[in-house]
Amino acid sequence: MERREFVKKTMLSSIAALIGTKIVFGSNMLEGYVPLGLQDPDPFKLFNKHKDMIVLNDKPWNIEAQAHLLDDKVTPNSCMFIRNNGLVPENIDPKSWTLTIDGESVRTKKTYTLAELKSKFEEYTYQLTIECGGNGRAEFDPPAKGNQWTVGAVHCASWTGVRLRDVLNDAGIKDNAVYIGFHAVDQHLSRDPNKEAISRGCPMSKALQDETLLAYKMNGEDIPLVHGYPLRLVAGGWPASVSGKWVNRISIRNKVHDGAKMTGTAYRIPCETVAPGEKVKDEDMCIIESMPVKSLITYPKTGAVLKQGKSLEIRGHAWAGELEVTKMEYSIDFGSTWNDCVVEKPVNRLAWQHFSAQVDFPKKGYYEVWARATDSNNKSQPMLLPGWNPKGYLNNACHRIAVKVK
Ligand SMILES: Nc1nc2c(c(=O)[nH]1)N[C@H]1C(S)=C(S)[C@@H](COP(=O)(O)O)O[C@H]1N2
Ligand SMILES: [Mo]
């Protein structure tokens, strides 16, 4: 019989150090065996995320927040959801990174280094709300395929960079320009170099807005790798899929951009309302633009228990795509009556707005607090589900938390 080689003592203690505690039956481990505790990448350490973040998928990485994690006015990295369509790029060298502006409608194709972008153009900082088009997908019935986001695929961080407009103008925009499309370096899951993970864009009018940035900083620091280091397109108020991470090329197109996930049913909803479960032809699907009005109660966490006679301060954020939130209300009687919250102005256009209210409960028992925002076009959030769509986009139903008064 072959002699079995067991892990050497010195090796064992270094493995234990990596795991962070003693491996109780470690002396039984065979030489060369890698304990599971070291095999699985720990997403929380890997991305510096809060322990309460929820992993929806690890191939590719998709991680969401919970409502109570989003209580900060400016979302810290630790609580920002992650949505990847492909593989997170590795070995990025900011010194050799370039951005190319090309396409049918560019006057002169140009390439800039990061240093050139930073020195040539003026720098701006905005807080921008970025919400995944599929946020809230989990609630649709019949269900839609894809990450089952609940409420946590939204963030509002502070982004610093140069205006996309200034860079596009520097290269020159032809009169026939219609759309921009981004290209990025993350690989398709298949690792097929001819396939892009995602390549979306927006009409020129959105590309040319003051707040549409080519960002190189987030919350005052280098953008974390998983959120797009070293250069990211940020288009607040639109489905987050427009905000391309790891961007190295932007094409000025003479037609609607036709990159990966721009066509077919991706990031599209039926142009006209359909019945739940109805089949919709591709040509009857329209591209999602500005996101609908929505809000989130970030304090207290659902399940709060309160002493009778005490009032409860609730707070959270509200946003409305390109529009402003003009009214914020709460209900404790399942939407039968509504009371006003105080809602602040946004710090800049496309930043979420903070609301709060002092809630009194008439007697002991179970309650739900529902929150409802109204935008400057006087559109309010639906109390429960909005119109069904095949891919489960744009669920902006009222957020609800459970409260017990004892
Ligand atoms: N290059 C690249 N950009 C991307 C994606 C991607 O997979 N690759 N995902 C998009 C989608 S669908 C979303 S919701 C947001 C997520 O941004 P975050 O991970 O920084 O929260 O990035 C967008 N930009
Ligand atoms: Mo997304």
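The values are calculated or read from the model by the stated rules, or taken from the named source; none is laboratory data. These figures come from a predicted structure and were not determined experimentally. Cβ placement follows ideal geometry from the backbone for every residue including glycine, while neighbour counts extend to all protein chains displayed.
Assorted remarks:
- All conditions in (1) within 23 Å of His155 (Cβ to Cβ); (2) of a type in the set (D, E, K, R); (3) within 19 Å of the chain's Cα centre (by Cα) hold for Lys301, with the sole exception of (3).
- The requirement of being within 13 Å of ligand 1 (Cβ to nearest atom), of a type in the set (A, V, I, L, M, F, W, C) and modelled with pLDDT of 95 or more is fulfilled nowhere in the stretch 107-123; no residue meets it.
- Of the helices (runs of 4 or more DSSP H) contained entirely in the stretch 107-219, those carrying at least 3 residues that are in contact (Cβ under 8 Å) with a residue 40 or more places away in the chain, surrounded by 19 or more Cβ atoms within 10 Å (Cβ to Cβ) and not assigned by TED's automatic domain parsing to the domain that holds Tyr299 fall at 164-171.
- Tyr267 vs. criteria outside the structural domain of Asn147 (by TED's automatic domain parsing), hydroxyl-bearing (Ser, Thr, Tyr) and either more than 16 Å from ligand 2 (Cβ to nearest atom) or on the phi > 0 side of the Ramachandran plot (or both): no
- Of the residues in the stretch 220-231, at least one is surrounded by fewer than 16 Cβ atoms within 10 Å (Cβ to Cβ) and in a loop (DSSP other than H, G, I, E, B).
- Per the conditions (1) away from ligand 2 (no atom under 12 Å from the Cβ); (2) farther than 18 Å from Ala397 by Cβ; (3) under 24 Å from the mean Cα position of the chain (by Cα), the sole criterion not satisfied by Ile130 is (1).
- Selected residue [under 24 Å from Leu350 (Cα atoms) and within 10 Å of ligand 1 (Cβ to nearest atom)] from Trp238, Trp159, Trp149: Trp149
- Test result for Ser331, surrounded by 15 or more Cβ atoms within 10 Å (Cβ to Cβ) and either hydroxyl-bearing (Ser, Thr, Tyr) or within 22 Å of the chain's Cα centre (by Cα) (or both): yes
- Positions within the stretch 129-146 being under 12 Å from Met291 (Cβ atoms) and more than 11 Å from ligand 1 (Cβ to nearest atom), in sequence order: Thr129, Gly136
- If you check Lys51, Lys22 for being touching a Phe, Trp or Tyr at 6+ places or on another chain (Cβ under 7 Å) and surrounded by fewer than 14 Cβ atoms within 10 Å (Cβ to Cβ), only one passes: Lys51.
- Whichever residue in the stretch 254-268 is more than 10 Å from ligand 1 (Cβ to nearest atom) and in contact with a Ser or Thr (Cβ under 6 Å, 6 or more places away or on another chain) and, among such residues, is nearest to Gly136 (Cα to Cα): Gly259
- Residues satisfying the stated conditions in the stretch 232-258, i.e. under 21 Å from Gln209 (Cβ atoms), under 22 Å from the mean Cα position of the chain (by Cα) and either surrounded by fewer than 19 Cβ atoms within 10 Å (Cβ to Cβ) or more than 15 Å from ligand 2 (Cβ to nearest atom) (or both): Val247, Arg249, Ile250, His257
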